[in-house]
Amino acid sequence: MITITDKHITTAAFQKAIDEAAANQTELIVEPGAYVLGTIFLRDNLTMNLKKGAYILGSADFEEYSSDVNLFTDAVDNLRGKSLVYAEDVKNVKIYGGGVISGRGAIFGTSHPHHLERPFLVRMIRCEDITLENITLRDSAAWNLHLMDCENVTVKDVAVKSRVNENNDAIDIDACRNVRIDGCDLDTGDDAICLKATVDKPCRNVHVTNCTITTNWAAMKIGTESVGDFEDVTISDCFVYDCNGCGIKICPVDGANAKNITIERIRFVNTTGPIFIANGERLRVYHEGHQRFQPGIIENVTISDIEGDAINAIGTTYKGEAWGNAKSCIVVSGTPQARLKNVVIQNLRMAMAGGVSEVPTGAVPEMGVRYPEFHNFGVLPAWGVYVRHADGFVSENVELTLKEEDARDMCVFEDIR
């Protein structure tokens, strides 16, 4: 084994230890202490024991984050991809041991000259057989864990504590296959668990279970970056509390199909939404050569055994428009061109927020090419369930109550077959 103890170790020396441990297929042990580093690259056959009390801390010098990485334009038009911990085309990596990886993201706040290209914490591209277990990811300047086009990934008993910047997503699963997220504790400023597909490859066979989530945005999200399809996704036995951006969101708007999705045994406390399923027609491109030209279909979605209470979102402003000010409602909305198929909601008991004194007039706007958020529809005509442009919708054993009086109907259905 190779052991790191020098608290003043340089990035180059730390990288040399990684390379030697991987080449010899021996364990790299990082002893307790604080290690301030720029980008480190993971290698094939690396096992890193990041011991409890060991801290890998991101450098305050932006130039120490390598540009020799796979860059991309994210959903809000920023060039991203630099990272503290980076892996590309590697196999058989395990990081475990109880230690902490911290990006010290507050350093790259809005006044920083590189704020819009601030580094990710951990990013893995086209990797296989990856295990992250019993570590903590803290204070990323951007996304905490980005898995892109990876296969056979396990993220178990990982804690994410990160609310220092915008876009502090906890775990982004981007066009990956065979992924298991188990027993994670997520406290984040943006989407907590987010399935994406920035390339035209499927995000398939993803299982999320036994997670505890609190977030300033969405707890569980499929989309918005959605060029590739989403298939065979299961989310189960999770607890979500103090969530301001909707508990469950399924919104593939860049041409992806989303099918065979099961979400079950979820408890919500103080959560907006709580369910938002909506198709759109944005058809955005993230990587050259990866583009869809027609909206996809959402089909075969089952959401069951849900309980808790929903709240109305606290209104904010983003890029000059109202953002995050939606009233609580379960929303299931296709488009006239891309109808939803076979969506089932069953065994659900929710206390909805209510509190709207006047029934809104006029048609509910279509999602169209906008960034997909549940507040885009404005105040809906229903306080409980709103469904439109859907075929084969089933609602079974659903019990909704109101916390405040509301002038609207409990359920409104439009263009249903």
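The distance from the alpha carbon centre of segment 272-293 to that of segment 206-228 is 15 Å, rounded to a whole number. The value obtained for the chain, namely the Cα convex hull volume divided by the number of residues, is 118 Å³ per residue. Net charge dipole, the chain: roughly 140 debye, given to the nearest 20, about the Cα centre with Cβ charges of +1 for Lys and Arg and -1 for Asp and Glu. Please tell me which of these pairs span more than 29 angstrom C-alpha to C-alpha: LYS91/LYS196; LYS156/LYS249; LYS201/LYS327; LYS259/LYS327? The pairs that break the limit, which is 29 Å between Cα atoms, are LYS201/LYS327.
State the Cα centre-to-centre distance between segment 37-96 and segment 108-174 in whole Å. Going from one Cα centre to the other spans 9 Å. With helices as the sole contributors, the chain gives -1000 deg cm²/dmol at 222 nm; each DSSP H run of n ≥ 4 counts as -39500 (n - 2.57), and the sum is divided by every residue. By DSSP, what percent of the beta bridges with both residues in the chain are antiparallel, rounded to the nearest 5? So the antiparallel bridges in the chain amount to around 5 percent. May I ask for the net charge around VAL269, where only other residues with Cβ less than 12 Å from the Cβ of VAL269 are counted and Lys, Arg are +1 while Asp, Glu are -1? With Lys, Arg at +1 and Asp, Glu at -1, the neighbours total -2. Ordering PHE393, CYS329, VAL369 by the projection of their Cα atoms onto the charge dipole of segment 309-413, which places +1 on the Cβ of Lys and Arg and -1 on the Cβ of Asp and Glu, puts VAL369 at the extreme positive end.
Think of segment 1-163 as having a plus end and a minus end, set by charges on the Cβ of Lys, Arg, Asp and Glu; of THR11, GLY99, VAL69, GLY99 sits farthest toward the positive end of this dipole. The angle between the Cα long axis of helix 11-23 and the longest principal axis of the Cα atoms of the chain comes to about 90 degrees, rounded to the nearest 10. In plain terms, the chain from VAL394 to ILE314 could stretch by 25.8 nm, reckoned as 0.36 nm per residue minus the Cα-Cα distance. Per residue, the convex hull spanned by the alpha carbons of segment 263-362 comes to 167 Å³. Over segment 169-417, Cα pairs under 8 Å with separation of 6+ residues give a relative contact order of 15 percent. Under 18 Å of direct C-alpha separation, and excluding same-chain neighbours fewer than eight residues apart, LYS16 reaches these lysines: LYS7, LYS94. Pairwise inverse Cα distances across segment 327-417, averaged and inverted, put the Kirkwood hydrodynamic radius at 13.8 Å.
Take each peptide in 280-287, 219-226, 102-109, count the other Cβ atoms within 10 Å of every residue, and average; sorted highest first, the result is 219-226, 102-109, 280-287. Translational diffusion coefficient of segment 93-198 (Stokes-Einstein, Kirkwood radius from Cα pairs, 4 °C, 1.567 mPa s): 95 µm²/s.
All of the numbers you see were taken from the coordinates with simple rules; none came from a lab. This structure is a prediction, so every number in the text was calculated from the model and none was measured. A quick note on method: Cβ atoms are made from the backbone with ideal geometry, for glycine too, and the neighbour counts reach across all protein chains shown.
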